[in-house]
1. Output the antiparallel fraction of DSSP beta bridges having both residues in the stretch 19-142, as a percent to the nearest 5.
2. Among the listed pairs 62/95; 62/88; 10/135; 48/97; 39/59; 59/178, give every one whose C-alpha distance is greater than 25 Å.
3. If you average the sequence gap of Cα pairs under 8 Å that are 6 or more apart and divide by the length of the chain, what percent do you get for the contact order?
4. Treat the chain as a sphere of radius equal to its Kirkwood radius over Cα pairs and apply Stokes-Einstein at 20 °C in a medium of 1.002 mPa s; give the translational diffusion coefficient in µm²/s, rounded to a whole number.
5. As an exercise, use a Förster radius of 35 Å and the Cβ-Cβ distance of residue 148 and residue 88 to find the FRET efficiency, rounded to the nearest 0.05.
6. So, in nm, how far is label residue 123 from label residue 1 when the simple model puts each one 7 Å beyond its Cα toward the Cβ?
7. With the cut-off at 1.5 for a/c, could you classify the stretch 83-179 from its C-alpha gyration tensor as rounded, prolate or oblate?
8. Identify which of 67, 148, 105 has the largest mean-square fluctuation in a Gaussian network model of the chain, with springs joining Cα atoms closer than 10 Å.
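Bear in mind that the values in this text are calculations on the coordinates, not laboratory data. Note that the structure is a prediction, hence the values are computed from the model and not measured. Cβ atoms come from the backbone with ideal geometry, glycine included; neighbour counts cover every protein chain shown.
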Amino acid sequence: MKNQIKLLDKEFVLFIEEDRIQNRIIQIADQINNDYKDKIPTFLIVLKGALLFAADLLKRIKVRCKVEVISAKSYGNEMESSGTVKLKHLESNFKNKDLIIIEDVIDTGLTMKTLLDDINKYEPNSIEVAAILTKPNAIKTNVKIKYVGFEIDNLFVVGYGLDYAEFGRELPDIYVLKV
Ligand code: PRP
């Protein structure tokens, strides 16, 4: 692991190490395994940012489950949310399903609000959200996130699925923009 990295024109410093992320995921998976022991949850991965978190979390799920993907885009190549969210999903039927949406970060919450409004039309039995990061100081909507990895300040972070202009997603640690 490097303490400092450069992506295009920006420098970033180490913020949350891989070991801490993985240890937290073990705890979240234990919680989900317990909460869904009598159910068959469907995990809905929100592309692209949630890819790494979803893979690590799913490897620790012990209950029988299904996996679906959806694409949500709000940032473009900018560092702030654009305010409009584009959703793309396959023809999925979520009726009566117990859904667990997997996200990398809940920032303003606009993406999750849009997604929840869309998914609710399919009349699932239940919906919960798992996010490796939330930013309580940035949130502008009232979405409930049941499984939270880390609450962080309103900072620009990359790594572990999160990108800066599409770079940095592959990093196993999370980095913060150097000020
Ligand atoms: C990021 C992230 C969330 C959303 C959070 O997605 O993955 O989906 O923004 O921001 P919000 O709470 O302010 O809506 P992005 O649009 O960057 O797409 P990506 O996952 O493909 O990187």
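1. Numbers: 4 of 23 bridges.
Counting DSSP beta bridges with both partners in the stretch 19-142, the antiparallel share is about 15 percent.
2. On the way: 62/95 23 Å; 62/88 29 Å; 10/135 21 Å; 48/97 23 Å; 39/59 18 Å; 59/178 33 Å.
Where the Cα-Cα span goes over 25 Å, the pairs concerned are 62/88; 59/178.
3. Rounded, it is 25 percent for the chain.
4. On the way: Rh = 16.6 Å.
It comes out at roughly 129 µm²/s.
5. It comes out at approximately 0.85.
6. In this crude spin-label approximation the distance works out to 4.7 nm.
7. Cα axes put the stretch 83-179 in the prolate bin.
8. 67
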